[in-house]
Structures are given as structure tokens and as C-alpha cells.
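In what follows, a single structure is set out as C-alpha cells and then discussed.
The values are calculated or read from the model by the stated rules, or taken from the named source; none is laboratory data. Please read all numbers here as calculations on a predicted model, not as lab measurements. All Cβ positions, glycine included, derive from the backbone under ideal geometry; neighbour counts span all protein chains shown.
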Amino acid sequence: MTVNVRIALADFEDPGLAAFLRAHLDDIAPTAPVESQHALSLGALREPNVRLWVAREGADIVGTAALAALEPGHDELKSMRTDPARRGTGIASRLLDHLLADATARGVRRISLETGSMAFFAPARAFYGKAGFTPCPPFGSYSDDPNSTFLTLVLE
């Protein structure tokens, strides 16, 4: 388990952040057609309705996760990524706990997400299922897509 992880809102001037997020987009690019890829660009993550957090071990970025407001009381989980070399060390769980605490403190009652339906995303689907996310219909501007799985979590 990772214990020396610090989580803070993103510093968009950090060049390491752009590289980490670019690697995220590069990882998912071969998994689906472009119209079925819904990861946010660095520019979209800067929008005022998005909150991006960065997990660090020392100076290294080891994870990212964002919440994007969809409507009052409903946010979307975006850009969840752990450095591949550090997967399985608890970073994703720490990030998710941090995001859920932030959302709860802001009065958000529901978090939804879209992830891929293909084998590449099976670990993500299992992770979210273990955290209590359940299947749901497309939300926000999404529509049915065989390359997508939609999940939601009602916050207590």
C-alpha cells in the first residue's frame, strides 16, 4: 500500500502533468474508435466546472482524477489514471476516496462515470464495482455505445 502519496488540486503549469495526461490519452487511443473515446484533454480539464487532482510520491506524479459538474448534485468522474508502474499500490483508492469526500462536502449526491467496455478496461470496471458503482444508462450528453460502460454511485 502506498503511504507517502500527497493529493492536491492540479498545477496546470507543471509540464509533468501534461505528459502524464498525454500518456493517459495515448494508452486508451488504440482501444476504441475516436468517437467512443471520452477522456478530457488538458484544455478541457482546465474548464471551471472541472476539478482535477494530482497524486504525487515525492516529485513524481503517480495518479490523476477529476470531477466534472454535470448538473446540480451530479458530477462525472473523469481522467482517473494511475502510473502503470504503481498500479495495485492503493493510489486509485486514495484518489477515489479523496474525490468522494470532496463531492460529499460540496453537496454532490451522485457520481457517474463512463469507461470502456473492452477487456483493457476490465480492471477499471472491477475497481469501480468494488467501490459501489453500479451500471446505469447513459447520462449527460452520452448515448448508447457498445464501446462504453456507464456506472453510477449514490452518495450517502
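Please verify whether Glu156 is more than 16 Å from Thr82 (Cα to Cα), in a loop (DSSP other than H, G, I, E, B) and either modelled with pLDDT of 95 or more or out of contact with any Lys or Arg (no Cβ under 6 Å at 6 or more places or on another chain) (or both), treating the condition exactly as stated. The answer is yes for Glu156.
Checking the structure you have, find out if any residue of region 131-150 is of a type outside the set (A, V, I, L, M, F, W, C), buried (at least 20 other Cβ atoms within 10 Å of the Cβ) and within 26 Å of Val5 (Cβ to Cβ). Scanning region 131-150, I find no residue that is of a type outside the set (A, V, I, L, M, F, W, C), buried (at least 20 other Cβ atoms within 10 Å of the Cβ) and within 26 Å of Val5 (Cβ to Cβ), so the answer is no.
Scanning region 56-97 for residues that are modelled with pLDDT of 95 or more, of a type in the set (Ser, Thr, Tyr) and over 18 Å from Ala23 (Cα atoms) turns up just one, Ser93.
Taking region 98-121 as the search range and keeping residues that are in contact with a strand residue (DSSP E or B) (Cβ under 9 Å, 6 or more places away or on another chain) and part of a helix (DSSP H, G or I), which one is modelled with the lowest pLDDT? Before you say what the answer is, go through the steps one by one.
Narrowing region 98-121 to residues in contact with a strand residue (DSSP E or B) (Cβ under 9 Å, 6 or more places away or on another chain): 98-100, 102-103, 106, 108-117, 121.
Next, from what is left, pick out any that are part of a helix (DSSP H, G or I): 98-100, 102-103, 121.
Numbers: His98: 97, Leu99: 97, Leu100: 97, Asp102: 97, Ala103: 98, Phe121: 89.
Ranking the candidates gives Phe121 first.
Scanning region 11-26 for any residue that is modelled with pLDDT of 95 or more, among the basic types (Lys, Arg) and within 27 Å of Ser148 (Cβ to Cβ) turns up nothing. Any residue at all in region 116-129 that is surrounded by 13 or more Cβ atoms within 10 Å (Cβ to Cβ), in contact with an Asp or Glu (Cβ under 9 Å, 6 or more places away or on another chain) and polar (S, T, N, Q)? Yes, that holds for at least one residue.
When each of Arg110, Arg94 is tested for being buried (at least 17 other Cβ atoms within 10 Å of the Cβ), in contact with a His (Cβ under 6 Å, 6 or more places away or on another chain) and charged (D, E, K, R), the lone residue that passes is Arg110.
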